[in-house]
Amino acid sequence: MNLGKGLKKDFFARKSEEVAIDLLGKLLVYKNGLYVINETAAFEGETKNKRPKLENLSMEPGAIYPHYSCRTYSLAINTEEKGIPSVITITEMKDKKEIYTPGNIGKIIQLGKDNLGEIINADSSFKIHENNSLPSKLIIERYKPKNSPENLISKYKINKQMKLF
């Protein structure tokens, strides 16, 4: 993998849909792990049942927090600006050996409440970098699962046939 420049806070200060699409193929670096972000979901606004919980409105763009769903934690990142319920979640990532889904993303990167509010940047434990090894054009699939929360704009996934490693 060819690590490009690291993303900064201003990358996340946009609509969740734009951020979710632009994160595809980027590299999440955490501790000794290097993961390609393969699938994301974009959320705007709140829901009656608060799924996902967007109580983190006081956090800035690029702030991460563990999103608890289906008895496990996944990685959520605030987007837009402080006070606006706008967030993306990373719903699938992969390394050279495995594909990680929401059920095991939190486990593999040991995501917990102590990460609450950490801003993704060069000094944080979570870093996201450009991936200079990607093809020039990604094939992206957009879909919305049945029974999705009403604030889910869409999910985005890199086409299975694209070689990411």
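The values are calculated or read from the model by the stated rules, or taken from the named source; none is laboratory data. Since we're looking at a predicted model, the values are computed, not measured. Backbone-built Cβ (ideal geometry, glycine too); neighbour counts: all protein chains shown.
Taking the conditions (1) closer than 22 Å to residue 142 by Cα; (2) surrounded by fewer than 19 Cβ atoms within 10 Å (Cβ to Cβ); (3) out of contact with any Ser or Thr (no Cβ under 7 Å at 6 or more places or on another chain); (4) at pLDDT 85 or above in turn, residue 27 satisfies each one other than (2). If you filter the range 7-24 down to residues that are closer than 17 Å to residue 124 by Cα and surrounded by fewer than 18 Cβ atoms within 10 Å (Cβ to Cβ), you find that the one that is modelled with the highest pLDDT is 10. Can you spot a residue in the range 64-86 that is at pLDDT 90 or above and in contact with a His (Cβ under 6 Å, 6 or more places away or on another chain)? No, every residue in the range 64-86 fails to be at pLDDT 90 or above and in contact with a His (Cβ under 6 Å, 6 or more places away or on another chain). The set of residues in the range 95-127 being touching a strand residue (DSSP E or B) at 6+ places or on another chain (Cβ under 9 Å), among the charged types (D, E, K, R), exposed (fewer than 13 other Cβ atoms within 10 Å of the Cβ) and part of a loop (DSSP other than H, G, I, E, B) consists of 96 alone. Only residues that are in contact with a helix residue (DSSP H, G or I) (Cβ under 8 Å, 6 or more places away or on another chain) and either of a type in the set (A, V, I, L, M, F, W, C) or at pLDDT below 80 (or both) were counted across the range 115-165, and they come to 8.
Do you know which residues across the range 82-94 are among the small types (Gly, Ala, Ser) and either within 18 Å of residue 29 (Cβ to Cβ) or surrounded by 15 or more Cβ atoms within 10 Å (Cβ to Cβ) (or both)?
86, the sole residue that qualifies.
The single condition among (1) surrounded by 20 or more Cβ atoms within 10 Å (Cβ to Cβ); (2) at pLDDT 90 or above that residue 52 does not satisfy is (2). Are any of the residues in the range 90-103 of a type outside the set (Val, Ile, Thr) and modelled with pLDDT under 80? Within the range 90-103, one or more residues are of a type outside the set (Val, Ile, Thr) and modelled with pLDDT under 80. Here is the figure for the range 25-40: residues that are out of contact with any Leu (no Cβ under 6 Å at 6 or more places or on another chain) and closer than 17 Å to residue 152 by Cα total 1. Screening residue 40 on (1) under 25 Å from residue 10 (Cβ atoms); (2) modelled with pLDDT under 90; (3) of a type in the set (Ser, Thr, Tyr) shows it passes everything except condition (2). Within the range 136-159, being more than 17 Å from residue 15 (Cβ to Cβ), more than 15 Å from the chain's Cα centre (by Cα) and of a type in the set (Lys, Arg) holds for 137, 146.
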